[in-house]
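Below is one structure, written out as structure tokens, with a few remarks after it.
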Amino acid sequence: MNSTNNKFSVAPMLDWTDKHCRYFHRILTKQTLLYTEMVTTGAILFGKGDYLAFNAKEHPVSLQLGGSEPKALAQCAKLAQERGYDEINLNVGCPSDRVQNGMFGACLMANAELVAKCVASMQEQIDIPVTVKTRIGIDDQDSYTFLCQFIEKVMPFTKTFIIHARKAWLSGLSPKENREVPPLNYERVYQLKQDYPHLTIAINGGIKTIDEIKQHLHYVDGVMVGREAYQNPILLTQIDSQIFGLPKPAIDPILAIKALYPYIEQQLTKGAQLNHIMRHTLGIFNGRKGAKQWRRYLSENAHKQGAGIEVVEQALTFIN
């Protein structure tokens, strides 16, 4: 079982971390581990589209799977390894109703034995690592003891856990509300690393700055950032030097957009729409003069029939 570097990663985010997003993020950072959106086993095994497609330039890339049927997960993991993914991640953290009805996501925390079977079943079929993304608890099952019991059941089959430091409310809160409520509890994740030093523990939830990332790395092995990396992707340009210690300057945001041009042209010839690619880049100039005009111009023009590189070039003229 090879290991991926979980020191810094961009979280799997539904409707956000699609292949266009990951390609753009890879231009900004070479070392960061990138995650797909959560893909259900049903979509992969029975869906009409190719849910495993990704660009070779996205490596290292992890496929996040949603499911709770060991055999189906193992089948999907095998297909993903054949396609070249670097890691498989099991979603035991998403609180949405849609996910609970399919018996996967955060509700699986209440069934650690099933999670252990799922991970074991996948690991038997593949050589790449299987990791688990979970919460610190669910509903009223939110004691540190509950978290440890979950970890102990699953850890014979994986040594890597990404812990969202907020418990999941499975009823009464929308997934959006559950991103802010209840409060984060980073200390509990630190304690987990202290008590299980042989495990690789990465922390997730509410992390926004390079300084915060560095602070967490004093206590855990890895940091996963979600919304901040997406909404302010300039953060990603500092990761290779500041977090991985590579002696290379951060890529200039304008050059990063221009580096996307060949990809945009290739995708347009395959039928992609410009706005589907460029929506992931809207926040790259946040805080810079002309950022608002950049966002507005793209929002108003990138969706138009036949929109191409010229729309991006025009949008860039607003940036100073």
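The values are calculated or read from the model by the stated rules, or taken from the named source; none is laboratory data. Just so we're clear, the structure is a prediction, and the values are computed from it rather than from any experiment. Positions of Cβ are generated from backbone atoms using ideal geometry, with glycine treated the same way; all protein chains shown enter the neighbour counts. Side chains included, ligands, DNA and RNA excluded: accessible areas come from the protein's heavy atoms. Shrake-Rupley method; radii C 1.70, N 1.55, O 1.52, S 1.80 Å.
Given the residues K270, K193, which is the only one that is among the basic types (K, R) and surrounded by 16 or more Cβ atoms within 10 Å (Cβ to Cβ)? Steps first, answer last, please.
Working: K270 fails: surrounded by 16 or more Cβ atoms within 10 Å (Cβ to Cβ).
Only one candidate passes the filter, namely K193.
Among the listed residues A250, A259, which satisfies the condition of being free of Cβ contacts under 8 Å to residues at least 24 places away in the same chain, more than 26 Å from L14 (Cβ to Cβ) and hydrophobic (A, V, I, L, M, F, W, C)? Can you show your working first?
Details: A259 fails: free of Cβ contacts under 8 Å to residues at least 24 places away in the same chain.
That would be A250, the only listed residue that is free of Cβ contacts under 8 Å to residues at least 24 places away in the same chain, more than 26 Å from L14 (Cβ to Cβ) and hydrophobic (A, V, I, L, M, F, W, C).
Report yes if L282 is free of Cβ contacts under 8 Å to residues at least 60 places away in the same chain, among the hydrophobic types (A, V, I, L, M, F, W, C) and open to solvent by 30 Å² or more (accessible area, probe 1.4 Å), otherwise no.
On the way: free of Cβ contacts under 8 Å to residues at least 60 places away in the same chain: yes; among the hydrophobic types (A, V, I, L, M, F, W, C): yes; open to solvent by 30 Å² or more (accessible area, probe 1.4 Å): yes.
Against the criterion (free of Cβ contacts under 8 Å to residues at least 60 places away in the same chain, among the hydrophobic types (A, V, I, L, M, F, W, C) and open to solvent by 30 Å² or more (accessible area, probe 1.4 Å)), L282 qualifies.
If you check every pair at least six apart or on different chains, which have Cβ atoms under 7 Å apart with a residue in the stretch 298-320 that is within 15 Å of A256 (Cα to Cα) first and a residue that is open to solvent by 70 Å² or more (accessible area, probe 1.4 Å) and assigned to a helix (DSSP H, G or I) second?
Within 7 Å, the pairs are I309/E265.
Out of (1) open to solvent by less than 40 Å² (accessible area, probe 1.4 Å); (2) in contact (Cβ under 8 Å) with a residue 60 or more places away in the chain, what's the single condition that is false for V220?
(2)
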